[in-house]
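Trainee: What follows is a structure written as structure tokens; I'll ask about it next.
The values are calculated or read from the model by the stated rules, or taken from the named source; none is laboratory data. Predicted model only: the values in this text are computed from it and were never measured. Positions of Cβ are generated from backbone atoms using ideal geometry, with glycine treated the same way; all protein chains shown enter the neighbour counts.
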Amino acid sequence: MKKKVYTLDELNAYKKAYGKPIERAELILSLLKPFIVVFVFSYLLLHYWLVSGILGVLAMFYGYRVMIPQSIKRVYNSNAFTERYNFITSLTQILSNQDKTMLTALETVAKRANGQFKKDLLKLQLSLQGATPEQIVEAFEKFSKRYKDDVIFDLYVEQLTTATIEGRTNIDTIKSIKTLYTQLKAKQEDFLNRKKRATYEFRFITMISLVLVISISVYPFGLEQFVNVYAHQPVGWITSSIYLALFGLFFHSYHKRLGDDEIMKVKI
């Protein structure tokens, strides 16, 4: 499947769903980071301003097409997951009281919700008022459509649909799904913590690589000898190009894995 290319307006919509819109300074900084890293690395190896500038611009393009969308989507998905967890936890607790109707329970949890999820809940509430069984099914399907990749949440919504139509809640089943979702949240947090450690390790490797490149270019023969004998010679062009290409592939692979936060779909 071809990967979707997000426009700036689409990214801004994701950003505003649970926070503030993209600021110009934030966007510029996100583009400058990859430019500076690639420019410095390539110049230390090749010592060609023009080539390093071109590679830096390509890195900026990669940042705009891949890094920025991934960063925004990760924050969006994290916030959406938290809202769904809070929704399931709060609603299950409220529905344990048999005197509470579904509409009353939804009204209560909607007041505690935030961002896009709150808007979706308010739309659901309006759709359920005076609705027929068919309209109830349609309303819940529209509500869960945005979160269709979350299988457990979808099961929970199915139980809510049945409870709304039949006028009674199978609280044992709902509590079981809530317990399962709590376990999923714990695994998700553990998975994200391991990702943080992997990020620190990657940054450490990058710093070591930078120090190594600087050391090689200065010692043992000095910068001038390094440029004349290695950097500006065919052997230097070839080996440095291979090194930069391999490092780029390594970074892309790392970044691709970093962006996959769904523990039920992640590829190991």
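Trainee: Could you check how many residues of region 230-249 are farther than 16 Å from Leu58 by Cβ, among the aliphatic types (A, V, I, L, M) and in contact (Cβ under 8 Å) with a residue 60 or more places away in the chain?
Mentor: Residues that pass the stated criteria total 1.
Trainee: Any idea which of Asp99, Asp150 is closer than 18 Å to Tyr18 by Cβ and charged (D, E, K, R)?
Mentor: Only one candidate passes the filter, namely Asp150.
Here's the yes/no breakdown for (1) more than 29 Å from Thr89 (Cα to Cα); (2) charged (D, E, K, R):
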residue	(1), (2)
Val151	no, no
Glu158	no, yes
Thr161	no, no
Thr179	no, no
Phe191	no, no
Leu223	yes, no
Gln233	yes, no
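Trainee: Turning to a different aspect of this structure: Which of the numbered conditions does Arg74 fail, given that it passes all the others? Conditions: (1) more than 11 Å from the chain's Cα centre (by Cα); (2) at pLDDT below 90.
Mentor: Among (1) more than 11 Å from the chain's Cα centre (by Cα); (2) at pLDDT below 90, the lone unmet condition for Arg74 is (1).
Trainee: Give region 193-223 a look and list any residue that's among the charged types (D, E, K, R) and either closer than 16 Å to Phe251 by Cβ or more than 19 Å from the chain's Cα centre (by Cα) (or both), or say none.
Mentor: If the condition is that a residue be among the charged types (D, E, K, R) and either closer than 16 Å to Phe251 by Cβ or more than 19 Å from the chain's Cα centre (by Cα) (or both), then Lys195, Glu201, Arg203 are the ones that fit.
Trainee: Are there any pairs with C-beta distances below 7 angstrom linking a residue in region 3-31 that is among the polar types (S, T, N, Q) to a residue that is surrounded by 15 or more Cβ atoms within 10 Å (Cβ to Cβ) and outside any helix (DSSP H, G or I), with the two at least 6 apart or on different chains, and if so which?
Mentor: Listed pairs, sorted by first residue: Asn12/Ile22.
Trainee: Residues to consider are Val57, Val75; find the one that is in the same structural domain as Gly222 (by TED's automatic domain parsing), of a type in the set (Val, Ile, Thr) and over 18 Å from Gly259 (Cα atoms).
Mentor: Step by step, each of Val57, Val75 is checked, and only Val57 is in the same structural domain as Gly222 (by TED's automatic domain parsing), of a type in the set (Val, Ile, Thr) and over 18 Å from Gly259 (Cα atoms).
Trainee: I've got another one for you. Out of the residues in region 1-21 meeting the condition of being part of a loop (DSSP other than H, G, I, E, B) and not basic (Lys, Arg), tell me which one is farthest from Asn79 (Cα to Cα).
Mentor: It comes out as Met1.
Trainee: Can you tell me which condition Met67 does not meet? The list is (1) under 18 Å from the mean Cα position of the chain (by Cα); (2) aliphatic (A, V, I, L, M); (3) closer than 30 Å to Asn228 by Cβ, and all the others hold.
Mentor: (3)
Trainee: Filter region 206-217 down to residues that are more than 17 Å from Phe39 (Cβ to Cβ) and surrounded by 13 or more Cβ atoms within 10 Å (Cβ to Cβ), then give me how many there are.
Mentor: Result for region 206-217: 1.
Trainee: Only one of Ile88, Ile72 is β-branched (Val, Ile, Thr), in a helix (DSSP H, G or I), touching a Lys or Arg at 6+ places or on another chain (Cβ under 7 Å) and more than 21 Å from Glu158 (Cβ to Cβ). Can you tell me which?
Mentor: Ile72
Trainee: Here's another thing I want to ask about it. For region 39-64, name all the residues that are under 22 Å from Met207 (Cβ atoms), over 23 Å from the mean Cα position of the chain (by Cα) and either outside any helix (DSSP H, G or I) or of a type in the set (A, V, I, L, M, F, W, C) (or both).
Mentor: Matches in region 39-64: Phe39, Val40, Phe41, Leu44, Leu45, Leu46, His47, Leu55.
Trainee: Among the residues of region 22-31, which ones are surrounded by 15 or more Cβ atoms within 10 Å (Cβ to Cβ) and part of a helix (DSSP H, G or I)?
Mentor: Of everything in region 22-31, those that are surrounded by 15 or more Cβ atoms within 10 Å (Cβ to Cβ) and part of a helix (DSSP H, G or I) turn out to be Leu27, Ser30, Leu31.
Trainee: Going through region 68-105 one residue at a time, which ones are touching a residue at least 40 places away in the same chain (Cβ under 8 Å) and among the basic types (Lys, Arg)?
Mentor: Scanning region 68-105 gives Lys73, Arg74, Arg84.
Trainee: I need the full set of residues from region 226-239 which are surrounded by 12 or more Cβ atoms within 10 Å (Cβ to Cβ) and either among the β-branched types (Val, Ile, Thr) or in a helix (DSSP H, G or I) (or both), in order please.
Mentor: The answer is Phe226, Val227, Asn228, Val229, Tyr230, Ala231, Gly236, Trp237, Thr239.
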